[in-house]
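The values are calculated or read from the model by the stated rules, or taken from the named source; none is laboratory data. Quantities reported herein were computed from a predicted structural model and do not represent experimental measurements. Methodologically, a virtual Cβ is constructed for each residue, glycine included, from the backbone with ideal geometry; neighbour enumeration extends over all protein chains shown.
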Amino acid sequence: MKRKNKKGSRRSFLKKSAIASSFYIVPRHVLGGVGYLAPSDQLGLAAIGAGGKGRSDIKNASVDGTERVVALCDVDFSGSAAASVEAFPKAKLYADYREMLDKEKDIDAVTISTPDHVHAPAAVYAMQRGKHVYVQKPMTHNIREARILTEMARDQKVVSQMGNQGGSNPLLGMVQKWVDSGVLGKISKVQVWTNRPVWPQGFAFPTADPSAKPEALDWNLWLGPSPTIPYTPEIHPFNWRGWWNYGTGALGDVGCHLIDIPFRTLGLKYPNDAECSIGSVYTQMWNADYHPEGCPPSSFITLHFDATDKSKSPIEMTWSDGGIRPAHPEIIPADADIGGNNSANGVLIIGEKGIISTNINDSSPLMPKLYLSDGTTEFGPETEPNDIPEYGHHRKWVAACKAGFGSAEHKALTSSFDYAGPMTETVLMGNLAIRSYLLRRENNMGKVEFFGRRKLLWDGDNMRITNLEEANQFVTRTYREGWEV
């Protein structure tokens, strides 16, 4: 493990001291028993967001107590984060990650498992201080943040990993083998879908109720970079996902699991364009409800990609959420699910000679299936042995942190920011298209027109929509003072 410290790592210091003193060093296992690890051999970990998903993230990163959890940060330790306090009783507790990172000098790496809007501010603050980072999916709240984190991880030489744990699923190798073998022939289309949202979404922003705020909750810190508003119980602790100031909708929730499969196996890069339509709700005749502050009840996105070494030809990818799924391909038996169980979530990689069908790539069984036009089929297992939590996604990151930036362990990570950044940008392009679709203004006839309902042309290298300037506001966001990225 490499640390940014003029005096070198604790391990290096111990080695130099032993040589200088010529003292005989008693083997560590004699001092501490079999399996004992000295503090100098442990990674100093901290959690930013210790409840909800943060609870399993810091637990898995600790590798059954092999690593040392130095501190826990959460805006409310009276909720689900209390379980992390119980699991790591020696960890110091903080509400503000900035205070934690400034005070605790033994932190080598952090897990970041906050709502989406705090991912980038927390990761930037940590990386600026030389800390390795594990950031939950989506890596960031917007495209600009993803690019910043990707470049900063390289510049600061920190080991990074995004929490799309399915990227470490060994069964992805089966999908990769089918793609690389060429059995599908020319691959030109990918269809991705989900039953999300499974939380309230598509209506007016809920009413604030400051009297309902949990006493232990620091609401100001929870808001982070978002505008100051009174406590609103309907968006805490989970239903923030459907509101743009905090969440990234269905795409942010599972896009980094589903889109990861074709993005990875086909070697895709930035899309060339994005086009969308959304489901509407009518509570009065002829006038669709309009709530641009939140995600719609459903959406359909189309993205186009250039050919790559793996895809060999341009790719059209479609995404649909809200329970809308593609038509059942004729090549797949009518009574068979497509994607996962009940066809609720899935990916179809479609070639001229066949189709690959998979489930969502989180901790659900991947269920890879190959159907060829000549009747050939090959199926992966319906259930997966998963003795190591989340396919070892956290453990591999911990091992890479110890080995150091640029090590073989680091290069072997499946979702370091070099990969996860561009993939996250692609996921978030769908949200840019959705928000642009909702742009409207009054024309010179006094009528409201939706002027963003077009195919948006994307310059990925420069992070710009080239044919609708107003859409570029969604490449980034407005930050509350003190929380800028």
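Observations, loosely collected:
- Qualifying residue in region 112-124 (condition: more than 23 Å from TYR479 (Cα to Cα) and either surrounded by fewer than 23 Cβ atoms within 10 Å (Cβ to Cβ) or not aromatic (Phe, Trp, Tyr) (or both)): no
- Within region 240-271, being touching a Cys at 6+ places or on another chain (Cβ under 8 Å) and aliphatic (A, V, I, L, M) holds for one residue alone: ALA250.
- In region 387-399, the qualifying residues are those that are surrounded by 14 or more Cβ atoms within 10 Å (Cβ to Cβ) and over 19 Å from the mean Cα position of the chain (by Cα), and the one that is nearest to ALA46 (Cα to Cα) is ALA399.
- Test: residue in region 323-332 that is of a type in the set (D, E, K, R) and closer than 30 Å to LEU439 by Cβ: yes
- Residue, surrounded by the most Cβ atoms within 10 Å (Cβ to Cβ), within region 428-441, restricted to residues that are aliphatic (A, V, I, L, M) and closer than 10 Å to ILE301 by Cα: ALA433
- Residue count, region 370-401 (criterion: farther than 19 Å from MET162 by Cβ and touching a Leu at 6+ places or on another chain (Cβ under 7 Å)): 4
- Per-region count, region 248-283, residues over 23 Å from SER364 (Cβ atoms) and either outside any strand (DSSP E or B) or at pLDDT below 95 (or both): 10
- Failed item, numbered, when THR66 is tested on (1) part of a loop (DSSP other than H, G, I, E, B); (2) free of Cβ contacts under 8 Å to residues at least 12 places away in the same chain; (3) of a type outside the set (A, V, I, L, M): (2)
- Restricting region 146-173 to residues that are in contact with a strand residue (DSSP E or B) (Cβ under 8 Å, 6 or more places away or on another chain) and among the hydrophobic types (A, V, I, L, M, F, W, C), the residue that is surrounded by the most Cβ atoms within 10 Å (Cβ to Cβ) is MET162.
- Pairs linking a residue in region 142-158 that is in contact (Cβ under 8 Å) with a residue 24 or more places away in the chain and closer than 14 Å to ASN431 by Cα to a residue that is of a type in the set (Val, Ile, Thr) and surrounded by fewer than 19 Cβ atoms within 10 Å (Cβ to Cβ), with Cβ atoms under 6 Å and 6 or more positions apart or on different chains, are ASN142/THR476; ARG144/THR476.
- Considering only residues in region 261-288 that are aromatic (Phe, Trp, Tyr) and surrounded by fewer than 20 Cβ atoms within 10 Å (Cβ to Cβ), the one that is farthest from VAL175 (Cα to Cα) turns out to be TRP286.
- Cross-chain or 6+ apart pairs with Cβ under 6 Å, region 264-281 first and within 27 Å of LEU438 (Cα to Cα), then among the charged types (D, E, K, R) and at pLDDT 95 or above: ASP273/LYS455; GLU275/LYS455; VAL281/ASP289
- Restricting the search to strands (runs of 3 or more DSSP E) fully inside region 89-184 and requiring at least 2 residues that are under 24 Å from HIS236 (Cα atoms) gives 92-94, 109-112, 132-135.
This table checks each residue for (1) of a type in the set (A, V, I, L, M, F, W, C); (2) modelled with pLDDT of 95 or more; (3) closer than 24 Å to GLU390 by Cβ.
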| position | (1), (2), (3) |
| --- | --- |
| THR150 | no, yes, yes |
| LYS157 | no, yes, no |
| MET162 | yes, yes, yes |
| SER168 | no, yes, yes |
| GLY173 | no, yes, yes |
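- Residues of region 289-310 satisfying the condition of being surrounded by 18 or more Cβ atoms within 10 Å (Cβ to Cβ) and aromatic (Phe, Trp, Tyr): PHE300, PHE305
- Restricting region 325-346 to residues that are outside any loop (DSSP other than H, G, I, E, B) and touching a residue at least 12 places away in the same chain (Cβ under 8 Å), the residue that is nearest to the chain's Cα centre (by Cα): GLY346
- Consider region 286-324 and keep the residues that are of a type in the set (Phe, Trp, Tyr) and within 24 Å of the chain's Cα centre (by Cα). The one that is farthest from LYS189 (Cα to Cα) is PHE300.
- Selection from region 119-151 of residues that are more than 22 Å from ASP260 (Cα to Cα) and not small (Gly, Ala, Ser): PRO121, VAL124, TYR125, MET127, GLN128, ARG129, LYS131, HIS132
- Among the candidates PRO237, PRO214, PRO230, residue that is at pLDDT below 95 and surrounded by fewer than 19 Cβ atoms within 10 Å (Cβ to Cβ): PRO237
- Of all residues in region 468-482, those satisfying the criterion of being of a type outside the set (A, V, I, L, M, F, W, C) and surrounded by 13 or more Cβ atoms within 10 Å (Cβ to Cβ) are ASN472, GLN473, THR476, ARG477, TYR479, ARG480.
- Qualifying residue in region 36-59 (condition: in a helix (DSSP H, G or I), surrounded by 11 or more Cβ atoms within 10 Å (Cβ to Cβ), at pLDDT 50 or above and in contact with a His (Cβ under 8 Å, 6 or more places away or on another chain)): yes
- Looking only at region 299-324, and only at residues there that are in a loop (DSSP other than H, G, I, E, B) and of a type outside the set (D, E, K, R), the one that is modelled with the lowest pLDDT: SER311
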